[in-house]
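Visitor: The structure under discussion is supplied below as structure tokens; questions concerning it will follow.
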Amino acid sequence: MRLACDHERNTPRLLIHGANGRMGQALQRLCDENSGRSVVAAVSRTVGPRVIDGIPQFASSELAGVPEFDVAIDFSLPGGFDAILGLCMARGKPLVSGTTGLSDAQLASLEAAATKIPLIWASNFSLGVAVLHDLVERAARALPGWDCDIVEAHHTRKLDAPSGTALTLGMAAGEGGASPHYASIRAGDIVGEHMVQFATTGERLELIHRATNRDIFARGALHVARTITSRPPGRYRVADLL
């Protein structure tokens, strides 16, 4: 199945922000594997060769000078988030962001930007996690008074803890009336595992999602990037665009 970077599906021109990170590299590789040349700029904190595999490379300090694009995909760090959001606002372009660890002020800026451009911020772009979010809220609502614990595991290089996905699942649990507690594990090269547990005397319910390949997140981000370009301004969820 050919996905987001196939010209036959009218893929928009992409700007990848945070291109040297794991997700940024996965996005570029998937586009290249699908013979897509729709990535018009790959932006990183520092830049070496100016063109890699046909994709123009830009340093973060050069962000204002990137060529025209239809949608930006951001998997960077909180320190670089304001700049890419500002660029999308200035050019009136959609933003797809998976940057975690954002401050309250940055989250508020997302809400303000959504009145001007279509955007999605998600801690996880997999379809399975989108479904898990719904299941967690339903379970919390159906099991009032049960203990709720969220355990997440990631690779040793992940900086934020709890993970953004765990916090998003916690919000779902909270919407259902639960008060979640969190535990984080950083070990080896774990891509991502999230377990939401509801427990009471004599029984326990566990809802689990395990990612074994980082490409699922990149594929999801590429899919919503293609879909969001036809939407009006607003803040969207992954479930809205899948």
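Read-outs: derived from the displayed coordinates by stated rules, not from any lab. Owing to the predicted nature of the structure, the values given are computational and were not obtained by experimental measurement. Don't worry about glycine lacking a Cβ; one is built from the backbone with ideal geometry, like all the others, and counts go over all protein chains shown.
Visitor: What order do you get for Trp146, Trp121 when you list them from fewest to most C-beta neighbours inside 10 Å? Spell out each step's value before the answer.
Guide: Working: Trp146 18, Trp121 25.
Lowest to highest Cβ neighbour count: Trp146, Trp121.
Visitor: Hey, another quick one. Could you compute the FRET efficiency for Asp53 and Ala112, with r as their C-beta to C-beta distance and R0 at 35 Å, rounded to 0.05?
Guide: Once the sixth-power term is evaluated, E becomes 0.45.
Visitor: While we're looking at this one, here's another question. How many angstrom lie between the Cα centre of region 185-227 and the Cα centre of region 74-147?
Guide: Cα centroid to Cα centroid, the span is 16 Å.
Visitor: Considering Cα pairs under 8 angstrom that are at least six residues apart, work out the relative contact order of the chain and quote it in whole percent. Spell out each step's value before the answer.
Guide: Values: 489 pairs, mean separation 48.6, N = 242.
Once normalised by length, the contact order is 20 percent.
Visitor: Using the number of other C-beta atoms within 10 angstrom as an exposure proxy, rank Ser126, Ser230, Ser109 with the fewest first. Write down the numbers at each step before the final one.
Guide: Values: Ser126 20, Ser230 10, Ser109 17.
Final ranking by Cβ density, sparse to dense: Ser230, Ser109, Ser126.
Visitor: Can you compute the modelled spin-label distance between Val131 and Ala161, with each label point 7 Å from Cα toward Cβ, in nm?
Guide: Label at Val131, label at Ala161, 3.0 nm between them.
Visitor: Test of understanding: what is the full-extension gain from Ser230 to Glu175, defined as 0.36 nm times their sequence separation minus their Cα-Cα distance? The partial results should precede the final answer.
Guide: On the way: separation 55, 0.36 × 55 = 19.80 nm, distance 2.96 nm.
That works out to 16.8 nm of additional length.
Visitor: Also, quick follow-up: Mind checking the full-extension length gain between Thr46 and Glu68? Use 0.36 nm per residue of separation minus the Cα-Cα distance, one decimal, nm. Could the numbers behind the result be given before it?
Guide: On the way: separation 22, 0.36 × 22 = 7.92 nm, distance 2.07 nm.
The Thr46-Glu68 span can extend by a further 5.8 nm.
Visitor: Using the beta-carbon distance between Ala105 and Glu203 and R0 = 35 Å, what value does 1/(1 + (r/R0)^6) give for FRET efficiency, to the nearest 0.05? Display every interim value, and only then the final one.
Guide: Numbers: r = 42 Å, r/R0 = 1.20.
For R0 = 35 Å, the calculated efficiency reads 0.25.
Visitor: Report the antiparallel proportion of the DSSP beta bridges in region 38-102 as a percent, rounded to a multiple of 5. Write down the numbers at each step before the final one.
Guide: Values: 2 of 8 bridges.
Roughly 25 percent of the beta bridges in region 38-102 run antiparallel, per DSSP.
Visitor: Still on this structure, please answer the following. Taking neighbour counts of Cβ atoms within 10 Å as a proxy for exposure, in what order, fewest first, do Leu205, Leu132, Leu107 appear?
Guide: On the way: Leu205 14, Leu132 22, Leu107 10.
Listed from fewest to most nearby Cβ atoms, that is Leu107, Leu205, Leu132.
Visitor: 222 nm [θ] for the chain, helices only, -39500 (n - 2.57) per DSSP H run of 4+, per residue, to 500? Don't jump to the answer; show the numbers that get you there.
Guide: Numbers: 7 runs with 82 residues, N = 242.
Rounded to the nearest 500, the figure is -10500 deg cm²/dmol.
Visitor: Please report, largest first and rounded to whole Å, the three semi-axes of the ellipsoid equivalent to the chain, where each semi-axis is the square root of five times an eigenvalue of the C-alpha gyration tensor. Walk me through the numbers before you get to the answer.
Guide: Details: eigenvalues 214, 67, 57 Å².
Whole-Å semi-axes of the equivalent ellipsoid: 33, 18, 17.
Visitor: What is the Cα convex hull volume of region 15-141 when expressed per residue in Å³?
Guide: Working: hull volume 15.3 nm³, N = 127.
So the per-residue Cα hull volume is 121 Å³.
Visitor: State the antiparallel share, in %, of DSSP beta bridges confined to the chain, rounding to the nearest 5.
Guide: Working: 18 of 44 bridges.
Of the beta bridges lying entirely in the chain, close to 40 percent run antiparallel.
Visitor: How big is the C-alpha Rg of region 127-211 next to the rule-of-thumb value 2.2 N^0.38 Å, as a ratio? Display every interim value, and only then the final one.
Guide: Numbers: Rg = 12.5 Å, N = 85, 2.2 N^0.38 = 11.9 Å.
After normalising by residue count via 2.2 N^0.38 Å, the value is 1.05.
Visitor: Using per-residue counts of other Cβ atoms within 10 Å, averaged over each peptide, order 234-241, 213-220, 91-98 from highest down. List each step's numbers first, then the result.
Guide: Values: 234-241: 16.5, 213-220: 19.6, 91-98: 21.6.
In descending order of packing, they fall as 91-98, 213-220, 234-241.
Visitor: Please list 3J(HN,Hα) in residue order for region 158-175, calculated via the Karplus relation 6.51 cos²θ - 1.76 cosθ + 1.60 where θ = phi - 60°; whole Hz, with x for glycine and proline.
Guide: Using θ = phi - 60°, the values come out as 6, 8, 8, 8, x, 5, x, 5, 4, 5, 5, 5, x, 5, 4, 4, x, 5 Hz.
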